[in-house]
Amino acid sequence: MICLSGRWKIVALFILFGLACDISCTRKEDESKLSIFRGFESDDLKTWDPANAYDNVSLDLVPSVYETLYQYSYLSEVYQLEPLLAAALPQYSSDHLTLTIPIKKGIYFQDDSCFKKTLGKGRELKAQDFVYGMKRLALPAIQSAGWWTVDGKLVGMTQFHENLRHATPENFSDLFEQKIEGLQALDDYTLQLKLLKTDPQLMYILAMSFTAPVAHEAVEAYADGQGNLLEHPIGTGPFKLIKWERNHEVVLDKNPTFRAEYYPKKGRFEYLKTGMLDDAGKHLPFLDRIRIEIVKEAQPRWLNFMKGNEDLIVLPKDNFKQAITDQVNLSPELVKRGIHLNIQTGTVIRYISFNIKDKIVGKNKYLRQALSSSIDREEWISIFTNGTGQKMLNAVPPGILDRPKTTKIKYDFDLTRAKDLLKKAGYPGGQGLPLLKFDLRGASTTDRQLGDFIRQQFTRIGVKVEIIPNTFPAFLEKQKQGNLQIAFGGWQMDYPDAENIYQLLYGPNQSPGPGESNYDNSEFNQLYQKIETMESNSKRAQLIQRMDDLIQEDCPWALGYYEASYDLSQPWLMNYRGSDIITNKYKYYKIHKDIQKRYLDQM
């Protein structure tokens, strides 16, 4: 049952929870005996609710509390899925439209007072918790960013969503309790999914936090008036939240009732050489605590790392030349300090997004083409990535199957053409064009520098633009509500398939879904529906090529670059594998306290 009332009870519980956290987290404690990972984020996370955890910050932490049916093998050479909460890979029917998934027995939610029947002890995970969690994606009030993962995929799910949209307060709970043919718990340990059409990418979806199991007791106790679990996550994972001081600090502690799970016993050969298999077969997690500080500016984060106060950092652009030589090697100073370098490529894209629903930029293709043609991407990449980014020739990063063969951006930098297109748009030299609004994803020095850069690019053809800094949660809320005109867009791939990029441009995924540009091209939509059901092959590649041709012409995005991330880790951080797709990584991390003490004593 969904609890949409009892606000005062919820407020009281939040207050008690906050007091409990303050007491538990501020009491004097000898942390020298604890294994603590110290990291930071550039902005606060938006939510702890798996139904809406889709920003980079939330996805860095939520998967350590909420687990999924499947996970990526941590040390595999390729992204290979393996059971996590599931007892085995799915059994498919002969037509591949029905999946039967066994659930592991003896897995428990973390202890919490919401479990009144067990007197605060976490109850056992059941198949029905997966059903409940996925049903929540359909709740209109939540406006789940993960609705696209089940919409039009599971039999009866879309109709279920429509029924809830038109429900009255009196019959809402009864409608929510109704069975969905395509989403059923056959018994306590068997989940069954029935598909409307074959979906080769569904397994990737079952490794995303959107499909994590949710305890109804937690929703009834802690959800806000809309049904969102914003502040009090209750999961089955290796860590539990003990403190969240907004815009300052997040602290997770090892879940004392976490089941027996073990570090992988095999991996690619290079991991054997680097010692990442030294902990093979050992009980997870190794960390006692995860402490994440919110530090918005890059330079304070860099100074903390250099002082040994942080264990891992994404190298800030302004310190790149200080830390890296020849684009791929650490400076002698950092080598001497034992710092490790990890370079990630191929899973993050950066672009400028135009809101197709906007009455100015959305209704004028030539204006979008002009703006795209005004951007000097080589300069953008040089300034903001120190030349490490790779220009986006098409929407899909290198290394992804069925990637388009497009070798140049159709509306790349060309000021003469940009001015001609602006004239064709009806605004010669920018005359008559209202002030455009460009939203940033943050408000840091780097964000503001990016805003200044974009302003300069557009000004060269006579287009005036207002730069709007935001907190990251505020930006995401604007995106969800469709209130962005032009924005700095970014996407971290959830799974290694071209579909995961193009779903951002699929019409039904418009805001509040992940498609912030609100692009809705009927031909593109039809092609997307076809590739959804296809295995990788030459025919699928041809369809994807046509999809890329359409967006190159329509310009819902001004393509930017594929990002290369340079991560630096301290010599005492063990078992670190840089990956944007593997999100439940903290359970594998280990702090070697002897090495940590030795290096810190030398500083």
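Assess whether GLY133 counts as being in the same structural domain as MET208 (by TED's automatic domain parsing), farther than 28 Å from GLY237 by Cβ and touching a residue at least 12 places away in the same chain (Cβ under 8 Å).
No, not satisfied.
Would you mind stating whether TYR566 is outside any loop (DSSP other than H, G, I, E, B), in contact with a Pro (Cβ under 9 Å, 6 or more places away or on another chain) and at pLDDT below 95? Walk me through how you get there before you give the answer.
Numbers: outside any loop (DSSP other than H, G, I, E, B): yes; in contact with a Pro (Cβ under 9 Å, 6 or more places away or on another chain): no; at pLDDT below 95: yes.
Taking the combined requirement at face value, the residue does not satisfy it.
Which residue pairs have Cβ atoms closer than 6 Å, lie 6 or more positions apart in sequence or on different chains, and pair a first residue in segment 526-553 that is under 28 Å from SER372 (Cα atoms) with a second residue that is surrounded by 13 or more Cβ atoms within 10 Å (Cβ to Cβ) and hydroxyl-bearing (Ser, Thr, Tyr)?
TYR528/TYR502; TYR528/TYR506; MET547/TYR502; ASP548/THR406
Looking at segment 548-571, which of the residues that are aliphatic (A, V, I, L, M) and buried (at least 17 other Cβ atoms within 10 Å of the Cβ) is nearest to LYS408 (Cα to Cα)?
Within segment 548-571, the subset aliphatic (A, V, I, L, M) is 550-551, 558-559, 564, 568.
If we keep only those that are buried (at least 17 other Cβ atoms within 10 Å of the Cβ) too, we end up with 551, 558-559, 564, 568.
On the way: ILE551: 13, ALA558: 13, LEU559: 11, ALA564: 20, LEU568: 33 Å.
In this case the residue turns out to be LEU559.
If I filter segment 9-59 down to residues being closer than 30 Å to ASP594 by Cβ and of a type in the set (D, E, K, R), which single residue comes out as modelled with the lowest pLDDT?
We begin by selecting, within segment 9-59, every residue closer than 30 Å to ASP594 by Cβ; these are 24-41.
Then drop every residue that is not of a type in the set (D, E, K, R), which leaves 27-31, 33, 38, 41.
Working: ARG27: 44, LYS28: 50, GLU29: 64, ASP30: 72, GLU31: 81, LYS33: 87, ARG38: 97, GLU41: 92.
It comes out as ARG27.
Take TYR576 and decide whether it is surrounded by 18 or more Cβ atoms within 10 Å (Cβ to Cβ), in contact with a Ser or Thr (Cβ under 7 Å, 6 or more places away or on another chain) and assigned to a loop (DSSP other than H, G, I, E, B). Let's see the steps before the verdict.
Values: surrounded by 18 or more Cβ atoms within 10 Å (Cβ to Cβ): yes; in contact with a Ser or Thr (Cβ under 7 Å, 6 or more places away or on another chain): yes; assigned to a loop (DSSP other than H, G, I, E, B): yes.
Yes: the conditions hold for TYR576.
Among residues belonging to segment 328-369 that are basic (Lys, Arg) and free of Cβ contacts under 8 Å to residues at least 24 places away in the same chain, point out the one that is farthest from GLY507 (Cα to Cα). If you could, list the steps in order and put the result at the bottom.
Residues of segment 328-369 basic (Lys, Arg): 336-337, 350, 357, 359, 363, 365, 368.
Now restrict to residues that are free of Cβ contacts under 8 Å to residues at least 24 places away in the same chain: 336, 359, 363.
Numbers: LYS336: 52, LYS359: 18, LYS363: 16 Å.
It comes out as LYS336.
Testing SER372 on (1) of a type in the set (Gly, Ala, Ser); (2) modelled with pLDDT of 95 or more; (3) surrounded by fewer than 18 Cβ atoms within 10 Å (Cβ to Cβ), one condition comes back false. Which one is that?
So SER372 meets the others, but not (3).
Looking at segment 381-391, is at least one residue within 29 Å of GLU499 (Cα to Cα), basic (Lys, Arg), assigned by TED's automatic domain parsing to the domain that holds GLN542 and touching a Cys at 6+ places or on another chain (Cβ under 7 Å)?
Within segment 381-391, none of the residues are within 29 Å of GLU499 (Cα to Cα), basic (Lys, Arg), assigned by TED's automatic domain parsing to the domain that holds GLN542 and touching a Cys at 6+ places or on another chain (Cβ under 7 Å).
For segment 59-69, what are the residues that are hydroxyl-bearing (Ser, Thr, Tyr) and closer than 17 Å to TYR495 by Cα?
THR68, the sole residue that qualifies.
Is there a residue being in contact with a Lys or Arg (Cβ under 9 Å, 6 or more places away or on another chain), part of a loop (DSSP other than H, G, I, E, B) and within 18 Å of GLY515 (Cβ to Cβ) anywhere in segment 336-356? Step through it out loud before you land on a result.
To start, the set of residues in segment 336-356 that are in contact with a Lys or Arg (Cβ under 9 Å, 6 or more places away or on another chain) comprises 342, 354, 356.
The next check asks that each one be part of a loop (DSSP other than H, G, I, E, B); those that pass are 356.
Filter again for within 18 Å of GLY515 (Cβ to Cβ), leaving 356.
Yes, segment 336-356 has at least one match.
Is segment 439-450 home to any residue that is in contact with a Lys or Arg (Cβ under 6 Å, 6 or more places away or on another chain) and under 29 Å from LYS317 (Cα atoms)?
Step one: list which residues in segment 439-450 are in contact with a Lys or Arg (Cβ under 6 Å, 6 or more places away or on another chain), which gives 444.
Next, from what is left, pick out any that are under 29 Å from LYS317 (Cα atoms): 444.
The answer is yes; a qualifying residue exists.
What about GLY152, is it part of a loop (DSSP other than H, G, I, E, B), in contact (Cβ under 8 Å) with a residue 60 or more places away in the chain and surrounded by 18 or more Cβ atoms within 10 Å (Cβ to Cβ)?
So GLY152 fails the test.
Looking only at segment 70-114, how many residues end up being over 17 Å from TYR495 (Cβ atoms), crowded, with 19+ Cβ neighbours inside 10 Å and either without any contact (Cβ under 8 Å) to a residue 24 or more places away in the chain or of a type in the set (S, T, N, Q) (or both)?
1
Of all the helices (runs of 4 or more DSSP H) wholly in segment 166-258, which have at least 3 residues that are aromatic (Phe, Trp, Tyr)?
Values: elements: 172-177, 202-205, 216-222.
Filter on segment 166-258 gives an empty set.
Answer yes or no: is there a residue in segment 206-218 that is at pLDDT 95 or above, surrounded by fewer than 18 Cβ atoms within 10 Å (Cβ to Cβ), of a type in the set (A, V, I, L, M, F, W, C) and assigned by TED's automatic domain parsing to the domain that holds GLN91.
no
Checking the condition touching a Gly at 6+ places or on another chain (Cβ under 9 Å), of a type in the set (Lys, Arg) and closer than 20 Å to ASP567 by Cβ, which residue from LYS273, LYS317, LYS296 passes? If you could, list the steps in order and put the result at the bottom.
Details: LYS273 fails: touching a Gly at 6+ places or on another chain (Cβ under 9 Å); LYS317 fails: touching a Gly at 6+ places or on another chain (Cβ under 9 Å).
When all the criteria are applied, what remains is LYS296.
Taking the options ASP318, ASP253, ASP288, name whichever one is surrounded by fewer than 19 Cβ atoms within 10 Å (Cβ to Cβ) and either within 24 Å of the chain's Cα centre (by Cα) or within 30 Å of GLU82 (Cα to Cα) (or both).
Of the residues listed, the single one that is surrounded by fewer than 19 Cβ atoms within 10 Å (Cβ to Cβ) and either within 24 Å of the chain's Cα centre (by Cα) or within 30 Å of GLU82 (Cα to Cα) (or both) is ASP288.
I'm checking my understanding of the structure. Among residues of segment 492-547 that are closer than 21 Å to LEU137 by Cα and small (Gly, Ala, Ser), which one is surrounded by the fewest Cβ atoms within 10 Å (Cβ to Cβ)?
Once the filter is applied, the top-ranked residue is GLY507.
Look at segment 453-473 and say how many of its residues are at pLDDT 90 or above and closer than 28 Å to PRO508 by Cα.
Step one: of segment 453-473, the residues at pLDDT 90 or above are 453-470.
If we keep only those that are closer than 28 Å to PRO508 by Cα as well, we get 468, 470.
Number satisfying all stated conditions: 2.
So if I check each of LYS480, LYS437, LYS419, which one is in contact (Cβ under 8 Å) with a residue 12 or more places away in the chain and either within 23 Å of the chain's Cα centre (by Cα) or in a loop (DSSP other than H, G, I, E, B) (or both)? It would help to see each step written out before you state the result.
Values: LYS437 fails: either within 23 Å of the chain's Cα centre (by Cα) or in a loop (DSSP other than H, G, I, E, B) (or both); LYS419 fails: either within 23 Å of the chain's Cα centre (by Cα) or in a loop (DSSP other than H, G, I, E, B) (or both).
Matching residue, one of LYS480, LYS437, LYS419: LYS480.
Considering segment 115-138 alone, what residues qualify as being part of a loop (DSSP other than H, G, I, E, B), surrounded by 22 or more Cβ atoms within 10 Å (Cβ to Cβ) and within 27 Å of the chain's Cα centre (by Cα)? Before the answer, list the steps.
Within segment 115-138, the subset part of a loop (DSSP other than H, G, I, E, B) is 115, 119-123, 125-126, 137-138.
So of that shortlist, the ones also surrounded by 22 or more Cβ atoms within 10 Å (Cβ to Cβ) come out as 122, 125, 137-138.
If the condition is that a residue be part of a loop (DSSP other than H, G, I, E, B), surrounded by 22 or more Cβ atoms within 10 Å (Cβ to Cβ) and within 27 Å of the chain's Cα centre (by Cα), then LEU125, LEU137, ALA138 are the ones that fit.
Return the residues of segment 89-114 that are under 21 Å from LYS254 (Cβ atoms) and part of a strand (DSSP E or B); say none if nothing qualifies.
If we filter segment 89-114 for residues that are under 21 Å from LYS254 (Cβ atoms), which is where we start, we get 104, 106-114.
Within segment 89-114, just TYR108 meets the criteria.
The values are calculated or read from the model by the stated rules, or taken from the named source; none is laboratory data. Being a predicted model, the structure only gives us computed values, none of them experimental. Ideal geometry is used to build each Cβ from the backbone, glycine not excepted, and the neighbour counts take in all protein chains shown.
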